[in-house]
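Okay, handing you the structure first.
Bear in mind that the values in this text are calculations on the coordinates, not laboratory data. Remember, it's a predicted structure, so these values are computed and weren't measured experimentally. For neighbour counting, all protein chains shown are included, and Cβ atoms are generated from backbone atoms with ideal geometry for every residue, glycine included.
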Amino acid sequence: MGKPLVVISGVNLVEAGPLSVFKDAVKSFTENFANKYQLVLLVYNKNLLSDLNMEGVQLLEYKYPKKLWLFRVWFEYVHCYFLSKKLTPFFWFAIHDMTPCVACKSKAVYCHNPAPFYNLSLRDVFFEKSLFFFRYFYSFFYRLNIKTNKYVIVQQDWLRKAFEKKYQVANVIVAYPDVHINAAQIIADEVAQVKRFIYAAMPRVFKNYEVLLKAAEKLYQKKLVFEVIVTINGSENKYSAYLKKQFQHIPNIKFIGLQPRQKIFELYQNSSCLIFPSKLETWGLPITEMKSFHKPIFVANELYAHETVADYDKAVFFNANNSDELAGLMEQLITDTIIFHKTNFTQPAQPFTKSWKELFNLLLAEN
C-alpha cells in the first residue's frame, strides 16, 4: 500500500503575503511530512514555487480560475470534485478561503481574506470597486460548505470570534504564521544618512497609505530632515495613481514600486522605523518581519495589530485616521524622543498553533 495522499490547493495565490503563506506551508510539509504522505499541489503557476524543493511532489497547474470569478467558482465546486474522485486523497487542504466540493475522508480550509468584516465607505468603493464585490462575495462563499470542514483555520483570535459569530462554527483553529528571518544575514545596500520610515504594502485602499503621506507632508512643511519609502509608484491602480498625484511634490517621499521580498528585507535593515497604518489585516506580515530586525514599529490601533505586535517592546499604536498624531510620533523618532507603548498580550485558547508543523500535526492527527 502506498503512502496516503494529501492535496494542498492554492491556485488563487500568486503574490504578496498570501503567496508567502502558501510557500511556507508547502516548505514545512515537504520538510516534516514527506516521509509519511504523498503531496499533490494545485497551483496557478509552477514557477511560483521554483525556489522550493519539490522533489517527490506532484504539481498540477491551473491558470483558468484566475481569469474570471465564475471560473473560480466552477473550479472549486465542480472541477475539484472530479479531481478528488480521480486522485482519491484522504485529506484536502484548501489554503485560499473557499471550501471546495471534494470527495475525501476529511478537509480543512484556510481563511485569510478579512473583507467580509470590513466596514466599507463610499470612498473605498470609489478607489477600489472590487472591494465591494469581495466584501459580499467572500461573505457568501465563506459560508458555502464551511461546516463540512474538519477545521477552519484563521490567523488571529479576533477572526476566530468573527467566524464563530457570523458562520456558527466551533472548529476554528488560530494558526499564527511561521516566519523566520535571520536579520543578521541581511546586508543593507547603503547607509541611511537620515531617519528613514518604510511602509511595504500593496496599493489597496484599506492599506491606508494617505495617513502616512499626509503625516510626511506635515513634517516636510516643518522642514524636518527624514525620508519615507513606500512600495508603490502610481502605475498599479487608481488608488496609487491618486496618491502619487497628491504627494509627488514632497521630495522626502520615495515612490519605489513593488519590490522582491529579499529587497524588502534589505530596506528593513536600512530603515529606522516601519509604519503600518493598514485598517484591515488577518495578520500584518511586515510587522512580524520588522520585529526580526528589532526596529521601531508604528502601527494602527486596530484589532489585528495588538495580536501581531504581541509583547514586542518597540511598538507604538496610533489612530489610523489621525495624520497629526502620526506626524507627531514620526517627529519624536526623528528627534530621538519617542516613548514606546507597553503591550498586553494574551495567548489564544486552544486549538492554537504557532508553526506550520504544529498545524499539520493537528490537521492530520486523526488520520
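Test of understanding: in a Gaussian network model of the chain with alpha carbons linked when under 10 Å, which of Asn182, Asn321, Asn149 would top the mean-square fluctuation ranking?
Asn182
Still on this structure: Name the long-range amide H neighbours of Leu13: under 5 Å, sequence gap of 5 or more, or other chain; modelled H, no Pro or chain starts.
Tyr44
Could you state, as a whole-number percent, how many of the C-alpha pairs of segment 1-116 are farther apart than 21 Å?
33 percent
How large is Rg over Rh for segment 73-219, taking Rg from the Cα atoms and Rh as the Kirkwood inverse mean of 1/r across Cα pairs?
Reported Rg/Rh, Kirkwood definition of Rh: 1.08.
Can you tell me which lysines have their Cα less than 29 Å from the Cα of Lys67? Leave out same-chain residues fewer than eight positions away.
Hits, sequence-local ones excluded: Lys23, Lys27, Lys46, Lys85, Lys86, Lys107, Lys129, Lys147, Lys207, Lys238, Lys244, Lys279.
Which of Val26, Val78, Val154 moves the most in a Gaussian network model of the chain with Cα springs under 10 Å?
Between Val26, Val78, Val154, it is Val78 that shows the largest mean-square fluctuation.
State, in angstrom, two size descriptors of the chain derived from its alpha carbons: Rg to one decimal place and Dmax to the nearest whole number.
Just the Cα atoms of the chain yield Rg and Dmax of 21.3, 73 Å.
Relative contact order for segment 144-273: what percent, with Cα pairs under 8 Å and sequence separation of 6 or more?
26 percent
Continuing with this model, one more query. Taking the Cα centre of the chain as origin, sum charge times position over the Cβ atoms of Lys and Arg (+1) and Asp and Glu (-1), and report the length of that vector in debye to the nearest 20.
Computed charge dipole of the chain: roughly 1060 debye.
Ok, one more. Angle between the Cα long axis of helix 238-247 and the longest principal axis of the chain, 0 to 90 degrees, nearest 10?
Helix 238-247 sits roughly 10 degrees off the main axis of the chain.
Hey, any idea what the orientation-averaged projected area of the convex hull of segment 183-334's Cα atoms comes to, in nm²?
Mean orientational projected area (segment 183-334, Cα hull): 8.3 nm².
Could you tell me the center-to-center distance, by alpha carbons, between segment 1-54 and segment 249-311 in angstrom?
Going from one Cα centre to the other spans 27 Å.
Give the residue list of GluC sites (Glu not before Pro) in segment 119-218 that are DSSP loop and have at most 11 other beta-carbon atoms within 10 angstrom.
Glu190
Report the one residue of Thr148, Pro4, Leu363 whose Cα lies farthest in the direction of the positive end of the charge dipole of the chain (charges on C-beta: Lys and Arg +1, Asp and Glu -1; origin at the Cα centre).
Of the candidates, Thr148 comes out farthest on the positive side.
Using the structure shown, list the pairs from Lys166/Lys218; Lys295/Lys357; Lys166/Lys314 with a Cα-Cα distance above 31 Å, or answer none.
Lys166/Lys218; Lys166/Lys314
With label points built 7 Å along Cα→Cβ from the Cα atoms of Lys27 and Phe352, find their separation and express it in nm.
2.5 nm
Any aspartates and glutamates with Cα under 17 Å of the Lys63 Cα? List them, leaving off those in the same chain fewer than 8 positions away.
Within reach: Glu15, Glu76.
Which residue, chosen from Ser235, Leu280, Gln332, occupies the Cα position most advanced towards the positive end of the dipole of segment 183-334, where the dipole is computed from +1 (Lys, Arg) and -1 (Asp, Glu) charges on Cβ about the Cα centre?
Most positive-ward Cα: Ser235.
Hey, what number do you get for the chain at 222 nm if only DSSP H runs of n ≥ 4 count, each worth -39500 (n - 2.57), divided across all residues, to the nearest 500?
Per the formula, -10500 deg cm²/dmol.
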